[in-house]
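Participant: Pasting a structure below so you can have a look.
Laboratory data are not the source of any read-out in this text; all were calculated from the coordinates shown. Keep in mind that what you see is a predicted model, and the values were worked out from it rather than measured. Positions of Cβ are generated from backbone atoms using ideal geometry, with glycine treated the same way; all protein chains shown enter the neighbour counts.
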Amino acid sequence: MIVSDLKTYYLQTYGCQMNQYDSELIAWMLSERHYAPTEDAAAADVAVFNTCCVRDNADQKVYGAVGHFKTHKENNPEQVLVISGCLAQKDGEEFVSRFPQVDVVVGTHNLADIPELVERVQQGEGPFVKVEKKGNHFHLPSSPASNFKGMVTISMGCDQWCTFCIVPYVRGQLRSRPLPLVVSEVKRLAWEGHREILLLGQNVNDYGRDLEDDVDFADLLDALKDLKGLDRLRFTSPHPFYYTQKVIDSMAANRAVCEHIHLPLQSGDDEVLKRMRRQYSKAEFLDLVKRMREAIPNLSITTDIIVGYPGETEEQFQETLDVVRQVRFTSAFMFAYSPRPGTPGAMFKDQVPEKEKMDRLYRLIEVQNDISYEDNQKLLGQEFEVLIEGRSKKHASRCTGRTRCHRLVHFDVDLDQDLQGRLARVKLEKGLTWGFIGKMLEVEPHFRAWSADKQTV
């Protein structure tokens, strides 16, 4: 094939791991149509923005990037510009009316239609907007972004309808994949050499409630127990309400389940939690944390927290700080409340002024950063197993990886060493807010990776 005839695609992803997974599917579908990836957004034959709309900031980033593509399209009129994902589902026709350079808008339920719609645009048709509230892409295979880590979607959608969240509106209601299909996919990825698997769902531990087979998330963890080739098993994002003791016991009994859990708090005040429709209280959250740590020693807990929710008082914000100090989260994603159009939270009359929201956010960040730093100092001198993810973006002589507890570690290696995907034993020597600088003591001699045409050691 002549190089100049090679078709290329540019793919930009915004948002959560579910969006990253969807981007892997988009990349796989385009590769099946003989497109190669490129970082040259201006020259790509197809440019895809896979979008998020959880917060207004995410919306504005996408709108800015799409607006910038007007110049690219003028210079490369044959380019096909595709908007997919959550923001596409939410805004639909607005994209093509606001941005004439957009050719295809595809929502969360219609990702599988992207290749066909791209071809139709190339044939002179369009623009197209397809944001149906039906259909799914369970039938599409995963196409992991790396050769040692993989993601498997176990469910889509959400039935919780938290008053601040737009996800049920753009992702739909809960749809769980049949357990045998999930197990089969995880087994395949483990056999191919993916030593860490991330299970994905909007409320991952709500899995199975819509299935006829009377299975739940604990049953899925049990089915993946002692799976050959699987070193690490993670999942996100769970909901505190669905953390039954059965799930906790299944986590503790599965050697592959990592000693880390992301447990969204959102607020530490009972009235705010009730207004958010979170279905648990401060006391119930703290009891859950206690039972988890009793069952799983050295458990690392990260979280999501929203400050400045409508009606939140200073006293109620102090309840959130109290939970943060009691739990001592390893780290946290912390946000000032961002109203999402169409959600109940956006219609509440007692919105907190922006200045107050930001003041609370800065104070929360300061408290959490102090906790992260202090607790990291207590781990210095200890040795941990680290899965090496690759080179540090800032220091070529350093590798970066994560412990089973999801702590980030940087450490020096020889420049000619390719250690990606290997397990190393690392001693923690310097603790920072975000993670550690360590010293590699030893690394496994090789890592087995599989591909369709060869097996390498």
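Participant: If neighbour count is taken as other Cβ atoms inside 10 Å, put T303, T71 in order from fewest to most.
Facilitator: T71, T303
Participant: Say each of W161 and Y373 gets a label point 7 Å from the Cα, pointing the same way as Cα to Cβ; how far apart are those two points in nm?
Facilitator: If labels sit at W161 and Y373, their model points lie 4.5 nm apart.
Participant: Enumerate the residues in the range 46-79 having an amide nitrogen under 16 Å from the point lying 7 Å beyond the Cα of T8 toward its Cβ.
Facilitator: Within reach of a label on T8: 46-48, 72-73, 75-79.
Participant: Please report, to one decimal in angstroms, the Kirkwood hydrodynamic radius of the range 303-457 built from all distinct Cα-Cα pairs.
Facilitator: In the range 303-457 this quantity evaluates to 18.4 Å.
Participant: To the nearest 500 deg cm²/dmol, what mean residue ellipticity at 222 nm is calculated for the chain from DSSP H runs of n ≥ 4 alone, each contributing -39,500 (n - 2.57), summed and divided by the residues?
Facilitator: So the helix-based figure for the chain works out to -10000 deg cm²/dmol.
Participant: So what are the three principal axis dimensions of the range 37-195 from its Cα atoms, in whole Å, longest to shortest?
Facilitator: 48, 39, 28
Participant: Per the Kirkwood treatment, what hydrodynamic radius in Å, one decimal, follows for the chain from the mean inverse distance over all distinct Cα pairs?
Facilitator: Value: 23.7 Å, from the Cα pair sum.
Participant: What is the P(r) of the range 149-375, as percent of Cα-Cα pairs per 10 Å bin from 0?
Facilitator: For the range 149-375, the binned pair fractions read 8, 31, 34, 21, 6, 0 percent.
Participant: Report the calculated FRET efficiency for R325 and Q123 (r = Cβ-Cβ distance, R0 = 60 Å), to the nearest 0.05.
Facilitator: Efficiency computed from Cβ-Cβ geometry: 0.50.
Participant: Quick check: pseudo-label points 7 Å beyond the Cα along Cα→Cβ at H34 and Q20, how many nm apart are they?
Facilitator: Placing both labels 7 Å beyond Cα along the Cβ direction yields 3.2 nm.
Participant: For a quick check: sort Y207, Y14, Y169 by the number of other beta carbons within 10 angstrom, fewest at the front.
Facilitator: Y169, Y14, Y207
Participant: Rounded to a whole number of µm²/s, how large is the Stokes-Einstein D of the range 383-449 at 37 °C and 0.692 mPa s, given Rh as the Kirkwood radius over C-alpha pairs?
Facilitator: Rounded to a whole number, D works out at 282 µm²/s.
Participant: Longest exposed-loop-site-free stretch of the chain, with GluC sites (Glu not before Pro), DSSP loop and at most 10 other Cβ within 10 Å?
Facilitator: So the longest stretch without any such site is 213-457.
Participant: Across the range 149-375, how many lysine pairs, 8 or more apart or on two chains, come within less than 23 Å at their alpha-carbon atoms?
Facilitator: So the count works out to 15.
Participant: Where does the range 1-111 land on Rg(C-alpha)/(2.2 N^0.38 Å)?
Facilitator: Normalised by 2.2 N^0.38 Å, the Cα Rg of the range 1-111 equals 1.02.
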